[in-house]
């Protein structure tokens, strides 16, 4: 009697095929997982680089070297600038600066990383920026701590001068012509009715206070000096102060490098756009010692850590702050804005010749606004938009 045995042909083949399928699946899963891990890591790097580029564009724009002082006095709300720059790792940041109606600014920075044909990272951040503007509270068209001598045909007026060429609105503001601690310290030499204002002379103890000449809102003298864009070294004699225009690629630009360029107050961009680019240049000028200016014209904020002498018909538009004494001679000079002479050594300031000092809120406001520095709005300095 024969017994049948079970036939198992092909069992090894089936096991082998199943093993191959299982191993292949495991390899596929591992490959898929590693690929996904690689993509996640790559995308994380690209997004981090894009965010770094976006932040770089934001902070670079608000920095002292990146901020354009011309944005401080925009004609009205609207886009002021669109820039694109490349970082060292090849990332791009695109920045748009927009002036808002309330005197603040919107800055939107878009960072992009990665090749154009491959995966890319993109981040967009925005911030609100306001201006930190110095505050100069004038006690009079001329404020001085020491004695004052007036003579010749000089004039000092506290009536607000509107600078007609600039299109300033008319005002009825009137300051004292002269403010000083002791009104008996004014002497006259030949000039009659040479001080105008309300009152013409203001005897004020504030004119003797150090803070009057060293504290300007949130900024002090040292901080204001640090913001200077034109340095005259230790001072000396300077002649021919005048704007410097240059043409680059067929476009007329203001050459801000020469120390003799203090803006262009006698011409205006409004009447001839693009022709007089220095009309909107209001530098902060600092002299570390005694300064003598002969002829020319300038605008901005003039800081003198010593005595100031002007003659030759020099004209200046904006506040003048002097730690020493103030003297005009010969054909004198014309200051439209205001003069503050600390007279730390109680020297006598002398205003002779045909010198004119006019209080001008317009000149002061434009100079201070133009010299303002940007600061992020309080709270979180920036926020991601997407």
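The values are calculated or read from the model by the stated rules, or taken from the named source; none is laboratory data. Predicted model, so just to flag it, every value in this text is computed and none were measured. Glycine also receives a Cβ, built like all others from the backbone with ideal geometry; neighbour counts cover every protein chain displayed.
Scanning the stretch 341-371 for residues that are assigned to a loop (DSSP other than H, G, I, E, B) and either at pLDDT below 80 or surrounded by fewer than 17 Cβ atoms within 10 Å (Cβ to Cβ) (or both) gives 344, 345, 346, 347, 348, 354.
Hey, does the stretch 131-142 have a residue that's assigned to a strand (DSSP E or B), surrounded by fewer than 21 Cβ atoms within 10 Å (Cβ to Cβ) and at pLDDT below 90? First the steps, then the outcome.
Residues of the stretch 131-142 assigned to a strand (DSSP E or B): 131-132, 142.
From what's left, surrounded by fewer than 21 Cβ atoms within 10 Å (Cβ to Cβ): 131-132.
If we keep only those that are at pLDDT below 90 as well, we get 131-132.
Yes, there is a match, as at least one residue in the stretch 131-142 is assigned to a strand (DSSP E or B), surrounded by fewer than 21 Cβ atoms within 10 Å (Cβ to Cβ) and at pLDDT below 90.
Filtering the stretch 259-288 to residues that are at pLDDT 85 or above and either out of contact with any strand residue (DSSP E or B) (no Cβ under 9 Å at 6 or more places or on another chain) or in a strand (DSSP E or B) (or both) leaves 284, 285, 286, 287. Scanning the stretch 202-213 for residues that are in contact with a helix residue (DSSP H, G or I) (Cβ under 9 Å, 6 or more places away or on another chain) and free of Cβ contacts under 8 Å to residues at least 60 places away in the same chain yields a total of 1. When you check residue 82 against the structure, is it surrounded by fewer than 14 Cβ atoms within 10 Å (Cβ to Cβ), touching a strand residue (DSSP E or B) at 6+ places or on another chain (Cβ under 8 Å) and in a strand (DSSP E or B), yes or no? Here the answer is yes, as residue 82 does meet what is asked. You will find that of 198, 189, 205, the residue that is closer than 19 Å to residue 138 by Cβ, modelled with pLDDT under 95 and in contact with a strand residue (DSSP E or B) (Cβ under 6 Å, 6 or more places away or on another chain) is 198 and no other.
Taken residue by residue, the stretch 311-332 has no member that is touching a helix residue (DSSP H, G or I) at 6+ places or on another chain (Cβ under 6 Å), part of a loop (DSSP other than H, G, I, E, B) and more than 18 Å from residue 157 (Cα to Cα).
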